[in-house]
Amino acid sequence: MGHQTPQGDIRLPVWGVARWMGLGLGSVLVLAGAIALVREDSAAFADGLLAIAVVAMASLAGLAVLGHARARPAGAWAGVLLIAQGARMIAALLLGLAAFFAADPDPMVFWMLFLTCALVVLAGEVSFIVRWMRSECERIAGEAA
């Protein structure tokens, strides 16, 4: 028999995840402005804004999954997180394709910033969740000791 640490059920702080995602999207907004300045093309900035808006809207799908998840032990959040990330990525791709064909932006600017947004949102989400899980596990271990 192995040693098991009792774990209490915890809820994911969805607003914390949303703030880290928003921070990443804000950094891509700066990148979109830099691209528009270098290209001397204001349409490039509009194309970048479209890509950012698409990923921001798709991020709501992932946040909805996380927000509706019930409290559970820290170790049991992996499946919910994968479902939320999958929902966000599928929504982003579908919205991105629809926006691309509807608005006809510059393909290089739109897809480059779309992929950059998707990457920084994923990085922000994972970064927050790893820190959160670590602190929750340390808190639970401290309470059990």
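Are any residues in the stretch 120-132 among the aliphatic types (A, V, I, L, M) and in contact (Cβ under 8 Å) with a residue 24 or more places away in the chain, and if so, which ones?
Within the stretch 120-132, VAL120, VAL121, LEU122, ALA123, ILE129 qualify.
Working only within the stretch 14-26, note down all residues that are in contact with a Ser or Thr (Cβ under 8 Å, 6 or more places away or on another chain) and surrounded by fewer than 17 Cβ atoms within 10 Å (Cβ to Cβ).
Listed by number, the list is empty, since nothing qualifies.
Residue check: is ARG11 surrounded by fewer than 17 Cβ atoms within 10 Å (Cβ to Cβ), farther than 13 Å from VAL121 by Cβ and charged (D, E, K, R)?
yes
Readers should treat all values here as calculations from the given coordinates under stated rules, not as data from a laboratory. Quantities reported herein were computed from a predicted structural model and do not represent experimental measurements. Positions of Cβ are generated from backbone atoms using ideal geometry, with glycine treated the same way; all protein chains shown enter the neighbour counts.
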